[in-house]
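**Q** Questions regarding the structure given below will be posed in turn.
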Amino acid sequence: MSTSSNGKKAEAKRAELVAAAVRVVMREGIGAASVRAVAQEAQISVDSVLYYFSGIDELLRRTVESVMDRYFAQRLHVLASFGTAAQRLSQLIDLGVPDDIGEDLSRLYKSIALKPTNSEDLALYEGLYKRQVSLYLSIIETGQENGEFTPEAPALRIAQNLIALEDAYDLYPVIGVPLSGAEKRANVRSYAELALGCTLQE
């Protein structure tokens, strides 16, 4: 069997274990996540899990990446779609501030808050943050180049602020703040309009 084939099989097995870890966290919370719990969920031995991952910390990092990658893929689709920069910016805000953030993202926020943070976790979260900022930055720069936007501050700062607003409003349902999705999106659009000198449609 070729090295390439072995590599693909190993990556497929890691993906299966990440999916099992996601199910454990979604069902029982971050506190219940352990190598043994994931092994039971995947119906394999603990030693088999440890063959693919060094321990629960690495497995949970991959679990966080798996959840966030799904959201990032949706947003990349918007970036590549047709339409004006203003239209795509509005669509990004819709995806970033939904009516319901979903059980998986809700659990993810809680897990990040509860899990002890180490340097590898920090590197992961920083990477995820930079990827999200890059999407807004790309659209803002495109709109600036074609004359749709007239930014009142550096494009990077506006992109960072938009992500900060998204994260705050996504966290609100988790901590019980009763704002509707429409209200939250309107607030984010209001900031974007002021910062970029544009009008965004809902």
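**Q** List the relative contact order of the chain as a percent without decimals, with contacts defined as Cα pairs under 8 Å and 6+ residues apart.
**A** The normalised contact order for the chain reaches 22 percent.
**Q** Another one. In terms of Cα to Cα distance under 20 Å, which aspartates and glutamates are near enough to Lys130, apart from those fewer than 8 places away along the same chain?
**A** Glu65, Asp69, Asp94, Glu120, Asp121, Glu141, Glu166, Asp167, Asp170
**Q** Sorted by average packing, counted as other Cβ atoms within 10 angstrom per residue and highest first, what order do 39-49, 160-170 take?
**A** Highest mean packing first, the order is 160-170, 39-49.
**Q** Which order do the peptides 190-198, 29-37 come out in when sorted by mean C-beta neighbours inside 10 angstrom, highest first?
**A** Result, highest mean first: 190-198, 29-37.
**Q** Please give the calculated 222 nm ellipticity per residue for the chain, where each DSSP H segment of at least 4 residues contributes -39500 (n - 2.57) and the sum is spread over every residue; nearest 500 deg cm²/dmol?
**A** -25500 deg cm²/dmol
**Q** Let me ask something else about it. With charges only on Cβ, +1 for K and R and -1 for D and E, what is the dipole size of the chain about its Cα centre, in debye, rounded to 20?
**A** Dipole magnitude for the chain comes out near 540 debye.
**Q** Two decimals, Cα atoms only, Kirkwood Rh: what is Rg/Rh over the stretch 28-69?
**A** Rg/Rh for the stretch 28-69 comes to 0.96.
**Q** Going through the stretch 26-107, which chymotrypsin sites (Phe, Trp or Tyr not before Pro) have at most 14 other Cβ atoms within 10 Å and a DSSP loop state?
**A** Within the stretch 26-107, the qualifying chymotrypsin sites (Phe, Trp or Tyr not before Pro) (loop, at most 14 other Cβ atoms within 10 Å) are Phe82.
**Q** So, one more: Over all alpha-carbon pairs in the chain, figure out the percentage whose distance exceeds 30 Å.
**A** Roughly 32 percent, rounded to a whole number.
**Q** Using θ = phi - 60° and the Karplus relation 6.51 cos²θ - 1.76 cosθ + 1.60, list the HN-Hα couplings for the stretch 56-67 in order, rounded to whole Hz, with x at every Gly or Pro.
**A** 5, 4, 5, 5, 5, 4, 5, 5, 4, 4, 4, 5
**Q** Rounded to a whole number, what is D in µm²/s for the stretch 160-202 from Stokes-Einstein with the Kirkwood radius over alpha-carbon pairs (10 °C, 1.306 mPa s)?
**A** 146
Each reported figure results from applying straightforward, stated rules to the coordinates on display, with no laboratory input. Because the structure is a prediction, the values reported are computed rather than measured. Because the Cβ atoms are built from the backbone with ideal geometry, glycine has one as well, and the counts that use them run over all protein chains shown.
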